[in-house]
Amino acid sequence: MGSLNYHRPKTIKETLALMEKGVPLAGGTALTPQRYDVAAVIDLQDLKLDELKAGKSKIRIGATIKLQALIKAQEEVPQALGQACRQEAALNIRNAASIGGAVMTGDGRSPLLTALLSLDTSVITEPGNNSEPLEKLLEKRDDTRKPRLIVALEMMRPNRMFYEQVSRSPADRPLVCLAVAEKRTSKGESHVVAALGGYGERPIRLTEMEEALEKGASLAEAAALAEKAYSGAGDAFASAAYRAEIAGVLARRLLTEVKG
Amino acid sequence: MMICFTLNGTPIEIDVPPETTLLTALREELGFFGVKHGCETGECGACTVLFDGEPVNSCVMLAVQADGHELVTIEALGEHPHHGWRESKGLDPLQQAFVDTGAIQCGFCTPAMILAARSLLEEESNPTEAQVREVLSGVLCRCTGYIKPVQAVLRAAAILRGESVEPLEAPLPAPPDLFFPPDDVEDSRTLLGSDSPEIATQISVMPRIQINPRTEAYQTVGSPEPKVDAIKLVMGKPAFTADIEMRGMLVAKVLRSPVAHARIKRIDASKARSLPGVAAVLTSEDIPRVAYSTAGQSDPIPGPLDTFSLDNKVRFFGDRVAFVAGETEEIAEQALHLIEVEYEPLPAILDSAEAQAEGAVQIHDEPDYVNFADSDPSRNLAAQIHIDIGDVEKGFSEADHIFEASYEVPKVSPAHIEPHVVVTYWDEDDRLVIRTSTQVPFHVRRQIAPVLNLPAKRIRVIKPRIGGGFGGKQEVLVEDVAAHLTIATGRPVSFEFTRAEEFYGARTRHPMRISMKTGVKSDGTITANEMRVLSDTGAYGCHALTVTGNTGHKAMALYVGDGPYRESPNIRFYADVVYTNTPPSGAYRGYGVPQGFWPVERHMERITRELNLDPLQFRLKNALRAGELHPFSTAWSEGREPMPEIINTCGLEDCVRQGRAGVEWDAKFKNLEWHAVEGKPHLRRGIGVALVMQGTAIPYLDMGGASIKINEDGSFNLLVGAADLGTGSDTVLAQQAAEVLGVPVEDIIVYSSDTDFTPFDKGAYASSTTYISGAAVVGAAQKVSDRIRHRAARMLGTETEGIKPDEIVLRDRCAWSPDGRSITLEEIALNALHHEDQEQIMGVGSFVSPVAPPPFAAQFAEVTVDVETGQVIVDRLLMAVDSGVIVNPLTASGQVEGGMTQALGYAVCEEMLYDEEGRPREVDFRDYHIFAAHEMPELDTIFVETFEPSHPFGVKAVAEIPMDGVAPAVANAVMDACGADVLIAPVTPERVWSALKSQE
């Protein structure tokens, strides 16, 4: 426990130069309680990373955009993404917390991360303006050897997207949640992207189920693969048997919705 | 680091260390105490400020982030309406609406709610109810159930738009013969511009009341008076324990055990003591070893003395190891890490079923343990109860059917938003002042005196406003920590729990395993009823006997049987209360009764379904009635001599009738069409009921005192020892005084709970204040009234005209003779204090009751169940309650709404679990979920007034009974919806799913 250093850089370059010394701070809602564990924080509020660009096929969300801003951007982002943001935290937190912060701190019960995974999200980081799948970043986000600054998230604009969760009360954190998005290619082909949350360190992409659907798997077969994905997902909040079956139930429901 | 921002329109420049949170900067650097500390992780929202116009939580924001921004705190809004010669701008319309609608209970979260609402109204002048609920969703309130805050915001919005609003003068009548919804029910439930069909708030702020004719003459009792402390709370004034600045005040921290059970082999605090800024470090070697109980109860404590301020043994993860006082919180925290402790691990008992197993480790093996009654530490037994009423075995033998089942209820947290907090200091006479957030100031003084080796007369306990307690503060839990450190250092010390400490260092509801056995005849007559309880008191036996005793005393008293069984009920209640290596259980609103009604009402429901009986008729057929003996009154009285008690009043049948009509039971129960949800075959609706009773105070024991004196302007000072913990008890006591003295409530100046100045009161628990302390206030007021009338008679010359003082009436701030002449109370006061035969007109009253008149209630619940996932959405809760005469419909309905909301958490989501090492799963409001404004079901309250003859205004209790019936009513509704028979509370999705699986 020592004195904290605070920096508020004006440029990305300046920020990157500081990254060896401290950790980025956007809203601070997750970092402030941990402030004694870090030597310095680098406040990103002057970097103008809060731009939202909503194109026909892609959406780019600046890293410091507040979660509440995404809920208000009803025209620009899928409704189900807004729904997941609303489930992520209470309003006061959403007014301060950034999407970049949520990516770095959200756990397996994060509705927002689950929704972002289903949107095939990529994370844009500096230095190098690198783009890597969110799924990959989540696997190594605790690795501090190569400090990276998240500047934006890029995701597909889905043709349709649905989110559903099961929880103890309507606003409680999910025991199981599922997000399913339908991607349409320029050739008019439909692909399903799905992510499952409610357990563990991070939500998971249901790649096996997606691939099976590509190969024409039935609803029941797809749901079985969702169940399989959570077959070991037991903790103090719910058993693996329960989570697995509910993953299947939600998969059946949302895939039915996606298929119209 | 220098930072600049605009605060409430004024540019501010301050120098703060970068690690300072915005909350700390606002409170400690700038003295803006309207911003409250409720947690450190941003979930409760008590620390809300407007940051560039948006509500954010200042506890999870660094002060340096605010550099260059605009901040608004509650201090920017409004001012007291009367400021002498200077014209006041008065309260902000939002603040006024919160006062008028009774939206304030403890008031701890009120500033945050108002700021959040302000941000909405600045964007949207005509918000929907859903929008209001959404904007309030960032602020957790444990008191109100959110109805009245929502109504306040909608009301303020209407006023700001220039529209007329509902006058707040009287409650809505509920006709005594109501069987079906009156014609206007539908209108009264119309949504206020809501775009969400799931959310409905009645337009009417007032609850429905089936009024007792005896109350119609009352002027003030029964009136929706604003709370006497409302203005200061709505303005965020520094009214709470932590809202105080003292020169040289140290901050205390407690080193807590990282293991569930161990002996402390070695402890070395030398490094911590040498850290600059550390004023004191105390271990068990530094302070006297005094066995005591932390349970705040009357003398003698009805439980074992098994606790020490610090001990050489730890008995749960989170148990105390050492105390530190530092110049700052950071220094104190840092010092904790420098204390070296060597633990000798011991086997830990984490499951109550293992506590009495052969060879189980003995948790309390200290030689200075002091037994009470049947406690036996060698068997890990904190208390034992064996009660047999009638001939239970004979009753079973006469039954046509025997029903047996086992149930479980969880450990849950009171979760008051203001944490436990205390400030101690030596005053100028070297008397120890303890300013503390407690429900039991007088018990604190009595119980802490020997622990500190100070005579009680050298201790003064002050209770400021309390930010909620719910039983969690019926405990001497933090006062000794700060007091020991003040004694050690000679300096003021503040000590406040973190939210995590609230979960592992405070007290909880007792988890219990309960077995029921009931004999029933085929016609539905109960012939015998048996409950066996295994209650888990955790590591210490505070409230062990009395909480668990209450489980049987209330829950098993309701169903006595019918016919000859009603004359002579057969009831058995056996309980073992055992120690485990988990955080101690203690008092929590309901005090054992919610634990009892879960099995009783689940069991009754299962019986009605098995025997195909009408659930309402079956319950009423067997339920206790007015004029009957309370079956437990001759068997048990909290470890004291029991005395027979007759039930004077019981409005249970009317509660069922009113509730049945209000919830439209007949249109829904057994109506297949209603149970289905169109287009969603996986959803099923259900409706359920639970009947409950509670008690009002402890007979022959609970005593409250009050004194009243007249002032020169005809106003009165009312001094009470009663501890208003946010319930509004100061207000209802003032109303009772005002009724007797013939003045408006504003003429009663209430000062409560200061052991140096106010009369004794046992404190705020056992649903006693309105009844016990109220009767004491009435007694004091009658003495004052008597003196006033005598003097008035002389001043009016009526004595010579044969008019007796008894015939003079006090009304409208005057004393009236029967011939119509009057004299003002101000004239009488001046006469008494200045003019002739001078005297201080003053009265002292105290009251102890020979009975504990039970309130009764019918709790209804409607749910929608997802039969594929087990998810339960509670759509509606309606409680029809007989609490005797309602002194204040706003505060009373607030109690019911808030109580039902806490009980809703108990029903579906609140539960504290521990891992195999005894570490808690829940340490914050993220995992321990309490309901927020935007996810609430519809809540309804109906009062059925009876007139309890043992109280001068006919009141009974209202505070605790709303906790009792929601969980079983919800579970019964789930059973009605889909057949899932959940025996373990809370009714989580997985438990419903498992129950459905077991049917397959």
Stretched out fully, how many nm does the piece from B:Glu712 to B:Glu327 gain, at 0.36 nm a residue minus the Cα gap?
134.0 nm
Test item: A:161-169 mean partner chain Cβ contacts at 10 Å:
6
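With only Lys, Arg, Asp and Glu charged, each at its Cβ (+1 for the first two, -1 for the last two), find how big the charge dipole of region B:703-848 is about the Cα centre; round to the nearest 20 debye.
360
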Relative to the longest principal axis of chain A, what angle (0 to 90°, nearest 10) does the C-alpha long axis of helix A:79-88 take?
60
Need the C-alpha centroid separation for region B:250-294 versus region B:672-738, integer Å.
40
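Which FRET efficiency value, to the nearest 0.05, is calculated for B:Asp299 and A:Glu51 with the Förster distance at 60 angstrom and r the Cβ-Cβ distance?
The computed FRET efficiency comes out at 0.30.
Averaged over its residues, how many other protein chain Cβ atoms are within 10 Å of peptide A:228-241's Cβ atoms?
2
For region B:322-355, which GluC sites (Glu not before Pro) pass both filters: DSSP loop (anything but H, G, I, E, B) and at most 16 other C-beta atoms within 10 Å?
Details: sites: B:Glu327, B:Glu329, B:Glu330, B:Glu333, B:Glu340, B:Glu342, B:Glu354; in loops: B:Glu327.
Counting only loop positions with at most 16 other Cβ atoms within 10 Å, the GluC sites (Glu not before Pro) in region B:322-355 are B:Glu327.
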Once Lys and Arg get +1 and Asp and Glu get -1 on their Cβ, which of A:Ala152, A:Gln165, A:Leu175 lies farthest toward the positive end of the dipole of region A:135-228?
A:Ala152
C-alpha center-to-center spacing [region B:1-29, region B:475-538] in angstrom
40
Cα-projected label distance for B:Glu836 with B:Glu70, points at 7 Å along beta-carbon direction, nm:
6.5
Enumerate the residues in region B:248-272 having an amide nitrogen under 14 Å from the point lying 7 Å beyond the Cα of B:Asn312 toward its Cβ.
B:263-268
Need the full-extension length gain, B:Glu366 to B:Glu807, defined as separation in residues times 0.36 nm minus the C-alpha distance. One decimal, nm.
152.2 nm
In Å, the C-alpha Rg and Dmax of chain B are 28.0, 88
First obtain the Kirkwood hydrodynamic radius of region A:160-258 from its Cα pairs, then insert it into the Stokes-Einstein equation at 20 °C and 1.002 mPa s, and state the resulting D in µm² per second as a whole number.
159
What distance in nm separates the simple spin-label points at B:Glu285 and B:Ser406, each placed 7 Å from Cα in the Cβ direction?
4.7
Under the rule rounded for a/c under 1.5, else prolate if a/b exceeds b/c, else oblate, using alpha carbon gyration tensor axes a ≥ b ≥ c, chain A is classed as prolate
In Å and from the alpha-carbon atoms only, list the Rg and Dmax of region B:703-848.
15.4, 49
Among beta bridges that DSSP assigns inside chain B, antiparallel share in %, nearest 5
75
Filter the GluC sites (Glu not before Pro) in region B:783-841 down to the DSSP loop ones having no more than 12 other Cβ atoms within 10 Å, then list what survives.
B:Glu801, B:Glu836, B:Glu839
Say each of A:Ala236 and B:Glu166 gets a label point 7 Å from the Cα, pointing the same way as Cα to Cβ; how far apart are those two points in nm?
4.3
Selection from B:Thr128, B:Tyr565, B:Phe953, by position along the positive dipole direction of the protein assembly as shown (Cβ)
B:Thr128
Please compute the contact order of region B:647-728 in relative form: average sequence separation of alpha-carbon pairs under 8 Å and at least six residues apart, divided by the residue count, as a percent.
14
Evaluate the charge dipole of the protein assembly as shown about its Cα centre and quote only its size in Debye, nearest 20, assuming +1 on the Cβ of each Lys and Arg and -1 on the Cβ of each Asp and Glu.
1740
With a Förster distance of 30 angstrom and the Cβ-Cβ distance between B:Val848 and B:Arg431, calculated FRET efficiency to the nearest 0.05 equals 0.55
Shielding of B:587-596 by partner chains, average beta-carbon count, 10 Å:
0
Starting from the alpha-carbon convex hull of the protein assembly as shown, give the projected area averaged over all orientations, in nm².
49.2
So what is the relative contact order for chain A, in percent, with contacts set as C-alpha pairs under 8 Å and at least six apart?
15
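Subtract the Cα-Cα distance of B:Gln219 and B:Glu79 from 0.36 nm times their separation in residues, and report this length gain in nm to one decimal. If you can, show how the numbers build up before the last one.
Details: separation 140, 0.36 × 140 = 50.40 nm, distance 2.93 nm.
Using 0.36 nm per residue and subtracting the Cα-Cα distance, I get 47.5 nm.
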Loop-only check: which GluC sites (Glu not before Pro) in region A:59-102 are DSSP coil with at most 14 other Cβ within 10 angstrom?
A:Glu75
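Would you please give the FRET efficiency between B:Thr489 and B:Asp756, computed as 1/(1 + (r/R0)^6) with r the Cβ-Cβ distance and R0 = 25 Å, to the nearest 0.05?
Approximately 0.60, to the nearest 0.05.
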Value of relative contact order over chain B, rounded to a whole percent, pairs C-alpha under 8 Å and six or more apart:
14
Among A:Val258, A:Ser218, A:Ala233, which residue has its Cα furthest toward the positive end of the charge dipole of region A:160-258, with +1 on Lys/Arg Cβ and -1 on Asp/Glu Cβ?
A:Val258
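Each reported figure results from applying straightforward, stated rules to the coordinates on display, with no laboratory input. Just so it is clear, the structure is predicted and the values come from calculations on it, not from any experiment. FYI the Cβ positions are ideal-geometry reconstructions off the backbone, even for glycines, and counts take in every protein chain you see.
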